[in-house]
1. How do the pairs read when you match residues in segment 36-65 that are in contact (Cβ under 8 Å) with a residue 24 or more places away in the chain with residues anywhere that are outside any helix (DSSP H, G or I) and β-branched (Val, Ile, Thr), using Cβ under 7 Å and keeping only pairs 6 or more apart or on different chains?
2. I'd like the full set of residues that are closer than 18 Å to residue 13 by Cα and of a type in the set (Phe, Trp, Tyr), limited to segment 30-63.
3. Residue pairs, Cβ under 7 Å, 6 or more apart or interchain, first in segment 1-29 and within 20 Å of residue 55 (Cβ to Cβ), second open to solvent by 60 Å² or more (accessible area, probe 1.4 Å) and in a loop (DSSP other than H, G, I, E, B). List them.
4. Would you kindly identify the helices (runs of 4 or more DSSP H) lying entirely within the chain that contain at least 2 residues that are open to solvent by less than 50 Å² (accessible area, probe 1.4 Å)?
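The values are calculated or read from the model by the stated rules, or taken from the named source; none is laboratory data. What you are looking at is a predicted structure, and each value in this text was computed from that prediction instead of being measured. Cβ coordinates were reconstructed from backbone atoms using ideal geometry, including for glycine residues, and neighbour counts include every protein chain displayed. For accessibility, only protein heavy atoms count, side chains too; no ligands or nucleic acids. Shrake-Rupley method; radii C 1.70, N 1.55, O 1.52, S 1.80 Å.
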Amino acid sequence: MITVIDAILAINPNAKVTCNNEDIDTIQWHDGTAVISKTDIEAKMVELQADYDAKQYQRDRIYPS
C-alpha cells in the first residue's frame, strides 16, 4: 500500500514531514519544507499505486533454486 509519506517523498525526496495515521489532513511540514497540495499528494499516490500494481507479475515470479 502506498502511503501519504511515500507520495510526499516521491515528489520531494528532501521533505521533512509528519502525518498521523496516514491522515492527509494531519500533515505537518517541518524545517521550511515547501507545502505540497493535497491534490498533488493524492494524484501521486494514485500514480505510485498504479505502478506498484502493474509490477505485480515481478513480485509473483518464482525463480528456480
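1. 45/2; 48/2; 49/2; 52/2
2. Result: no residue meets the conditions.
3. Between residues of segment 1-29 that are within 20 Å of residue 55 (Cβ to Cβ) and residues that are open to solvent by 60 Å² or more (accessible area, probe 1.4 Å) and in a loop (DSSP other than H, G, I, E, B), the close pairs are 3/22.
4. 4-11, 38-54
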